[in-house]
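This report concerns only the one structure given below.
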Amino acid sequence: MNVDHGGGNSNGNEPELSDSLKTFGAVLKALRDEAGLTQEEFAPRVGYSAHYIAKIEQGKRFPPADLAERAEEPLGVVAAKVLGAAARSLTRKAGLASWFHKWAGIEEDAVSLYTYECRAIPGLLQPEPYIRAIFDRRLPPLSEEQIERQVSARLERQQLLANRPNTAFSFVIEQALLERHMGGAEVSRHVLDYLLLQGQRRNVEIQVMPLRQEDHAGVDGLMYLAETPQHEWVGYSEGQQSSILITGPKDVSAMLQRYGKLRSQALGREATVSLLEQMRGAL
């Protein structure tokens, strides 16, 4: 099983800036500028989006392990060696969801993104009141400044839905998460309204898994799956204070089989909208 283990999870630890990340980003930008390339020109030559390259240069994303190798053709041999040396100097702050940096980058370039959630409404579908309700209840408690930083990071990440119209987003959400009324009735109204709104996008499919479902393929827990621009699939999962990036073809294949089964077991798109509207009316 090919996995990468990290500390923390995406629900509570969005990427923070570190000096080493900012330095790496500055080095990349300087080398790119020296080569006379814009981000839009450089990005496709290394196989990533301009948005992802911008995040790396801003020090907000960990660079892919093979970025220096990919940069050799557009930037030159010497520049690639400098970039490789800068990459080896990178450090991570204690407590960060280190592998979520990599997953966040995968998300930004994905042509398909599948999500099954049984713990909380998926981060990409959380309205601001729900985000605040989560972080207000976080243990150990967060300061107001930390909460604001987390809320801002989550809202920024949600721009994927608008910025990636050609990415196919699929979400399977347990009905129990909606029945829980996290944060109270008013927050729940925001959640239902937001799900109904986002579900209107032609590239977004939201399905609810009924409370009673005797045949259920999600007993092993949450699943995140992404199809890369090279049409390879990567999986991601989380637990208490840990996360796993799954790349082994056999393991990812198993996740895809389970996700396909979950989609067939959940309510269809129209039935989901009907249920969400019914729940909204009952609040």
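The values are calculated or read from the model by the stated rules, or taken from the named source; none is laboratory data. As the structure is a computational prediction, the values presented were derived from the model and not from experiment. Cβ coordinates were reconstructed from backbone atoms using ideal geometry, including for glycine residues, and neighbour counts include every protein chain displayed.
Only one of Glu174, Glu205 is out of contact with any helix residue (DSSP H, G or I) (no Cβ under 9 Å at 6 or more places or on another chain), surrounded by 13 or more Cβ atoms within 10 Å (Cβ to Cβ), closer than 17 Å to Tyr114 by Cβ and not polar (S, T, N, Q). Can you tell me which?
Testing whether each residue is out of contact with any helix residue (DSSP H, G or I) (no Cβ under 9 Å at 6 or more places or on another chain), surrounded by 13 or more Cβ atoms within 10 Å (Cβ to Cβ), closer than 17 Å to Tyr114 by Cβ and not polar (S, T, N, Q) leaves just Glu174.
Could you run through region 195-254 and say how many residues are of a type in the set (A, V, I, L, M) and free of Cβ contacts under 8 Å to residues at least 12 places away in the same chain?
Count: 3.
Looking only at region 114-168, which residues are of a type in the set (D, E, K, R) and surrounded by fewer than 19 Cβ atoms within 10 Å (Cβ to Cβ)?
If the condition is that a residue be of a type in the set (D, E, K, R) and surrounded by fewer than 19 Cβ atoms within 10 Å (Cβ to Cβ), then Arg119, Glu128, Arg132, Asp136, Arg137, Arg138, Glu144, Glu145, Glu148, Arg149, Glu156, Arg157 are the ones that fit.
Quick one: Trp233 ticks every box in (1) of a type outside the set (S, T, N, Q); (2) surrounded by fewer than 16 Cβ atoms within 10 Å (Cβ to Cβ); (3) touching a strand residue (DSSP E or B) at 6+ places or on another chain (Cβ under 6 Å) bar one, so which box is it?
For Trp233, the exception is condition (2).
In the set Val234, Val252, which member is under 22 Å from the mean Cα position of the chain (by Cα) and not in a strand (DSSP E or B)? Let's see the steps before the verdict.
Values: Val234 fails: not in a strand (DSSP E or B).
Testing whether each residue is under 22 Å from the mean Cα position of the chain (by Cα) and not in a strand (DSSP E or B) leaves just Val252.
Taking Ala85 as meeting all but one of (1) at pLDDT below 95; (2) farther than 18 Å from Ala26 by Cα; (3) among the small types (Gly, Ala, Ser), write down the number of the exception.
Condition not satisfied by Ala85: (2).
Can you list the helices (runs of 4 or more DSSP H) found entirely within region 1-67 that contain at least 1 residues being in the same structural domain as Met223 (by TED's automatic domain parsing) and either at pLDDT 90 or above or under 16 Å from the mean Cα position of the chain (by Cα) (or both)?
Numbers: elements: 19-34, 39-46, 50-57.
Fully inside region 1-67 and qualifying: nothing.
In this structure, is Arg201 part of a loop (DSSP other than H, G, I, E, B), at pLDDT 95 or above and not hydroxyl-bearing (Ser, Thr, Tyr)?
yes
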